[in-house]
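Structure record follows, encoded as structure tokens.
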Amino acid sequence: MDDPNLQAEPGSERGDPRRRLLLHLFQTALASVDGRVCTREALSVPPGAHAPNRLWAVAIGKAASAMMLGAHDALGERFERGLLITKDGHADPPVYGLQQVEIIESAHPVPDTRSLAAGESLLEWVDSVPSEVDLLFLISGGASSLVEALVPGATLGQLKDLNERGLASGLAIGELNARRAQLSRIKGGRLAARLGGRRARALFISDVPGHDPAVIGSGLMGPSGSADDGIERRVIASIEIAAKAARAEAQALGLEVWRDTQPFEGSAERLAVRFAHELHMNPDHVRIWGGESVVNLPENPGRGGRNQHLALAAARIIAGHDNLMLLVAGTDGTDGATPDAGGIVDGETCSRVALGALDVQNCLETADSGAALAAAGDLIHTGPTGTNVGDIVIGLKLTKEAAGTILAARDRRP
């Protein structure tokens, strides 16, 4: 069954079966990297294996709630105490039923005083873990903003300015995280070093290219510089896993699927041209790309995010092509400072934007892509997804009739 909460905004083309097909593939991708499921599987103890001791767990990031629930599922009574730090509105209702878990909601994408308070709580929590208790860290994207402890002399103003300038300029995530670490007592491996060689385990849901623990969450639980810092690290979910699952499902539906797995990066508008061109010029029914684009923001940007910007730029390229459609979305369910994940665009998107008395080029220039996609009925809203592995673009080259036939066959599957 498809998730009824995962949908495009109501619009003139809402009933198009190709949109349902794209949303189904997107949902398949999300399910493959679900934080609760991936964490539970990573921590499950095989029959006959030695069970761990009492355990304390800390989960930080947009997927922290799902990861904490997965840890509780796997560890049961051995799970003694937890600390969860996540974005406002990203704590799943079931996590409030875990009496042993302290929940802190913090700021994202720009840190505020709550981020600093969360950092102090994290340091106090780590220092209070008894020596006989096993220690587990669950890290996902968003940790860079949600929790911070500044070095002496650094200020919250400096930290906010760094984040705002980095986001506005489209600075590569690796470089931005390196600059964040210079202001931090916990990033860049410093939290790991605070453990003093104590054995611990760290699981990561990666939203960065290369999936390096030294970069994920600004290196919150990355290597401390020691050859053996006592921490076992494992990435349990990534955009490659999500894209692979979506490709497999498309193939199972009888569609021809392109298989390049090279992650994308760079300008959202240049990527829009590339994706639209590749989709138009090649015979495949489905093309799936994973990665992260960037947008250089103007002064006083409008509503939107990098995925909405890429989607609107692609809509301009595929205008008039009635067999082309693209879904562009963040796997965490949010795009920029908006509650929307991204958008689905087709050959008539620009016409629908014009009917809404908006101009596509002007919306791109003012970073107001969200307003344009809202006017066209082309936004995607998922709410928090329980994961965060970066962005995904799914291109579809198919007629409405063919998509309807495929979906009908899928609905008949056992």
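Residue-wise test of (1) modelled with pLDDT of 95 or more; (2) among the aromatic types (Phe, Trp, Tyr).
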{"position": "Cys38", "(1), (2)": "yes, no"}
{"position": "Ala42", "(1), (2)": "yes, no"}
{"position": "His50", "(1), (2)": "no, no"}
{"position": "Glu77", "(1), (2)": "no, no"}
{"position": "Asp92", "(1), (2)": "no, no"}
{"position": "Tyr96", "(1), (2)": "yes, yes"}
{"position": "Glu102", "(1), (2)": "yes, no"}
{"position": "Gly119", "(1), (2)": "yes, no"}
{"position": "Glu124", "(1), (2)": "yes, no"}
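Let me confirm something: among Ser224, Ser218, which residue is within 27 Å of Pro130 (Cα to Cα), assigned to a loop (DSSP other than H, G, I, E, B) and among the hydroxyl-bearing types (Ser, Thr, Tyr)? First the steps, then the outcome.
Working: Ser218 fails: assigned to a loop (DSSP other than H, G, I, E, B).
Criteria check complete, one pass: Ser224.
Can you say whether Gly230 is farther than 24 Å from Ala63 by Cα and either among the small types (Gly, Ala, Ser) or in contact (Cβ under 8 Å) with a residue 24 or more places away in the chain (or both), as far as the supplied structure shows? Give the steps one after another, and end with the answer.
On the way: farther than 24 Å from Ala63 by Cα: yes; either among the small types (Gly, Ala, Ser) or in contact (Cβ under 8 Å) with a residue 24 or more places away in the chain (or both): yes.
So Gly230 fits the description; yes.
From (1) farther than 22 Å from Val37 by Cβ; (2) more than 20 Å from the chain's Cα centre (by Cα), pick out the condition that doesn't hold for His72.
In the conditions (1) farther than 22 Å from Val37 by Cβ; (2) more than 20 Å from the chain's Cα centre (by Cα), His72 misses (1) alone.
Can you tell me which residue is surrounded by the most Cβ atoms within 10 Å (Cβ to Cβ) among those in region 337-393 that are in a helix (DSSP H, G or I), touching a Ser or Thr at 6+ places or on another chain (Cβ under 9 Å) and in contact (Cβ under 8 Å) with a residue 40 or more places away in the chain? Before you say what the answer is, go through the steps one by one.
Here is the first cut: in region 337-393, the ones in a helix (DSSP H, G or I) are 349-355, 360-365, 369-376.
Restricting the remaining residues to those that are touching a Ser or Thr at 6+ places or on another chain (Cβ under 9 Å) gives 352, 355, 360, 363, 370, 372-373, 376.
From what is left, the residues that are in contact (Cβ under 8 Å) with a residue 40 or more places away in the chain are 352, 360, 363, 370, 372-373, 376.
Working: Arg352: 21, Val360: 20, Cys363: 24, Gly370: 27, Ala372: 33, Leu373: 35, Ala376: 31.
Of everything passing the filter in region 337-393, Leu373 is surrounded by the most Cβ atoms within 10 Å (Cβ to Cβ).
Report whether or not Leu138 is in contact (Cβ under 8 Å) with a residue 40 or more places away in the chain and either at positive phi or crowded, with 21+ Cβ neighbours inside 10 Å (or both).
Here the answer is yes, as Leu138 does meet what is asked.
Looking for whichever is at positive phi and in a loop (DSSP other than H, G, I, E, B) here; the options are Gly291, Gly333, Gly302, Gly266. Which one fits? Break it down stepwise before answering.
Numbers: Gly291 fails: in a loop (DSSP other than H, G, I, E, B); Gly302 fails: at positive phi; Gly266 fails: in a loop (DSSP other than H, G, I, E, B).
Among Gly291, Gly333, Gly302, Gly266, only Gly333 is at positive phi and in a loop (DSSP other than H, G, I, E, B).
Which one of these does Leu176 not meet: (1) touching a Ser or Thr at 6+ places or on another chain (Cβ under 7 Å); (2) within 24 Å of Thr331 (Cα to Cα); (3) of a type outside the set (Val, Ile, Thr)?
(1)
Among the listed residues Arg179, Arg201, Arg165, which satisfies the condition of being closer than 18 Å to Ala59 by Cβ and either outside any loop (DSSP other than H, G, I, E, B) or not assigned by TED's automatic domain parsing to the domain that holds Ala118 (or both)? Lay out the reasoning, then the answer.
Numbers: Arg179 fails: closer than 18 Å to Ala59 by Cβ; Arg165 fails: closer than 18 Å to Ala59 by Cβ.
Answer to the selection: Arg201.
If you check Thr113 against the conditions, is it outside the structural domain of Thr382 (by TED's automatic domain parsing), in contact with a helix residue (DSSP H, G or I) (Cβ under 7 Å, 6 or more places away or on another chain) and crowded, with 19+ Cβ neighbours inside 10 Å?
Numbers: outside the structural domain of Thr382 (by TED's automatic domain parsing): yes; in contact with a helix residue (DSSP H, G or I) (Cβ under 7 Å, 6 or more places away or on another chain): yes; crowded, with 19+ Cβ neighbours inside 10 Å: no.
The answer is no for Thr113.
The values are calculated or read from the model by the stated rules, or taken from the named source; none is laboratory data. All of these numbers come straight from a predicted model, not from anything done at the bench. Heads up, the Cβs are rebuilt from the backbone with ideal geometry, glycines too, and the neighbour counts pull from every protein chain shown.
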